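The values are calculated or read from the model by the stated rules, or taken from the named source; none is laboratory data. Values in this document were obtained by computation on a predicted structure and should not be read as measured data. With ideal geometry, Cβ positions are generated from the backbone for all residues, glycine too; neighbour counts draw on all protein chains shown. For accessibility, only protein heavy atoms count, side chains too; no ligands or nucleic acids. Shrake-Rupley method; radii C 1.70, N 1.55, O 1.52, S 1.80 Å.
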Amino acid sequence: MTKRAAPVERQPTDWQTPAMQRRVRRRYAAERRFRLMGVAAVFASAAFLVYLLATMIAQGAGGFTETRIALPLDLRGRVMVTPAQMRGSAADLALAGAGLENAVDAAADTAFGAQGGAALLSDGAWLRVRDAIEHDPQLLLTPTTLDLPVATEIDMAYKGNGARESEAIVAALDPQLSRGLNISFFTGADATDPTRAGIWGALKGSLLTMIVTLGLAFPIGVLSALYLEEYAPRNRWTDLIEVSINNLAAVPSIIFGLLGLAVFLGTFHMPRSGAIVGGLTLALMTMPVIVIAGRNAITAVPPSIRDAARALGASPIQVVFHHVLPLALPGILTGTIIGMARALGETAPLLMIGMRAFIAAPPDRLTDPATVLPVQIFLWSDDVQTGFVEKTSAAIIVLLVVLLAMNGFAIYLRNRFETRWK
């Protein structure tokens, strides 16, 4: 029988030797490098974000303002309408046939030169005069001076981005020019003239689309999450459904656009470019995200809540809807808002279903032709007129504000209703 060798007694590590000191220094140096790399990555990300925001604000700030020119206006004898005709529901019809646009152009020629006075004004300048008359019909009988928006070339030159010829005109007219908030940008819709283009039509289309998306995706997504977590048996079919939902959450958004084009437009012949079609398409894309977020929130509810409810005599459906769902609702709402924010910024699926048309009036119904903010930004960025550059950046700022507000609301819900289990 062979004797086993006695185990060698291991000596404690001597950390004072030169070799061990070098190893310790290398370890600390590697840790410092890793920390510095992390800090550098954070600062680089923050720098790119600040650069993006600064660029958007610098380019888009001009989109929220407009250049105006003081136009002396005397409409007596130039328009075929009287203050008496401005009373009642026929006021708009009376102004429509009164020759107001020609009268405004003639006043501009008189004030700034017969060769090009009217060219200084925006195409929608006479609409401002119409609104002023509707507000105060006495302007038809009293000479006055109104600040009216100028043409795109003059507006860009006054803001420092115009051609030399326009800059010379601005220098000559500088005493009559002023700058103010462009209210029509927030109240108007798309237009061929940058000075008349507004964001309200696209913003309203986005709101209608999001209403359809939320109304369909939220209840179906929450009920699906409840069934899969609380009622569904654990078998191969359930596993297949879970894998399919996880895969759908990662499918490129343009695939859902193709699906909406084939099903909602090709099969059911729903109105093209309507907010209802866009909402249904985005609901298909958002639903898997809500199901996944809902399942995670439901799983986070401790089993003891369910056991206590059953011990007190609650039925299975009472356990779910009276105890589990209220406790999981904050997490579900957070995931829902994040999914909605993603849907709000989508462009590709909506382009596939035709929501890239020129929409000159805000939609009133879900079936009316509409567009959304990302598509409107895409259309303006593709326009050759320089005036749409600042409109594009201004629309991006509006979209970022809406997205930040939605994400901030999600954070508020999470912090306000979050329950910490001990």
Using the beta-carbon distance between Phe268 and His135 and R0 = 45 Å, what value does 1/(1 + (r/R0)^6) give for FRET efficiency, to the nearest 0.05? 0.50
Is there a quick way to get the dipole size of the chain? I mean about its Cα centre, with the Cβ of Lys and Arg at +1 and of Asp and Glu at -1; what is the value in debye to the nearest 20? 3300 debye
Descending accessible area (1.4 Å probe), largest on the left, turns Leu216, Leu75 into Leu216, Leu75
Segments 379-388, 198-207 sorted - mean Cβ within 10 Å per residue, highest first: 198-207, 379-388
Quick check on segment 51-100: take the gyration tensor over C-alpha atoms, sort the square-rooted eigenvalues as a ≥ b ≥ c, and tell me if it's rounded (a/c under 1.5), prolate or oblate. prolate
Dipole of segment 263-407, positive end: most advanced residue of Leu379, Gly345, Ala394 [Cβ charges, Cα centre]: Gly345
In terms of the Cα gyration tensor, with a ≥ b ≥ c the square roots of its eigenvalues, is segment 110-175 rounded because a/c is under 1.5, prolate because a/b exceeds b/c, or oblate? prolate
Computed label-point distance, nm, for sites Asp193 and Leu400 using a 7 Å Cα→Cβ extension: 3.0 nm
In terms of the alpha carbon gyration tensor, root eigenvalues a ≥ b ≥ c, rounded if a/c is under 1.5 and otherwise prolate when a/b exceeds b/c or oblate, segment 345-422 is prolate
Would you rank Tyr51, Tyr158, Tyr231, Tyr28 by solvent-accessible area, highest first, keeping every protein chain in place and using a 1.4 Å probe? Tyr51, Tyr28, Tyr231, Tyr158
Spelling it out for Arg179: with amide H atoms placed in the peptide plane at 1.01 Å from N, the residues 5 or more places away or on another chain with amide H under 5 Å from its amide H are Arg68
Whole-Hz Karplus ³J(HN,Hα) for segment 165-171, in order, using 6.51 cos²θ - 1.76 cosθ + 1.60 and θ = phi - 60°, x for Gly and Pro? 4, 5, 5, 5, 5, 5, 4
Give the accessible surface of the chain per residue, rounded to a whole number of Å², with probe radius 1.4 Å and ligands, DNA and RNA excluded. 57 Å²
How much length is gained if the chain between Asn102 and Ala348 is pulled fully straight, taking 0.36 nm per residue apart and subtracting their Cα-Cα distance, in nm to one decimal? 84.3 nm
Go ahead and estimate [θ] at 222 nm for the chain from helices alone: -39,500 (n - 2.57) per DSSP H run with n ≥ 4, summed, over the residue count, rounded to 500. -19000 deg cm²/dmol
What is the distance, in nm, between label points placed 7 Å from the Cα along the Cα-to-Cβ direction at Ser315 and at Thr386? 7.2 nm
With the dipole of the chain worked out from charges on the C-beta (+1 for Lys and Arg, -1 for Asp and Glu) around the Cα centre, which of Met285, Pro18, Ile305 lies farthest toward the positive end? Pro18
Sequence-separation-based contact order of the chain, relative, with Cα cut under 8 Å and 6+ spacing, percent: 19 percent
Between Ile254 and Thr299, 0.36 nm times their residue separation minus their Cα-Cα distance comes to what? 13.1 nm
Projecting the Cα atoms of Phe268, Ala47, Gln138 onto the charge dipole of the chain, where Lys and Arg contribute +1 and Asp and Glu -1 at Cβ, the residue farthest towards the positive end is Ala47
To the nearest 10 square angstrom, what accessible area does His322 show with a 1.4 Å probe? 120 Å²
Using the Cα centre of segment 8-108 as the reference point, and only Cβ charges (+1 on K/R, -1 on D/E), how large is the resulting charge dipole? Debye, rounded to the nearest 20. 1200 debye
Could I have the simple spin-label model distance between Ala119 and Ile211, label points 7 Å from Cα toward Cβ, reported in nm to one decimal? 4.6 nm
Val243 to Thr145: FRET efficiency via 1/(1 + (r/R0)^6), r the Cβ-Cβ distance, R0 56 Å, to the nearest 0.05? 0.20
Using only Cα atoms, locate the centre of segment 267-285 and the centre of segment 45-72, then give the distance between them in Å, rounded to an integer. 34 Å
If you roll a 1.4 Å probe over segment 34-158 with all protein chains in place, what percent of the accessible area is carbon or sulfur? 62 percent
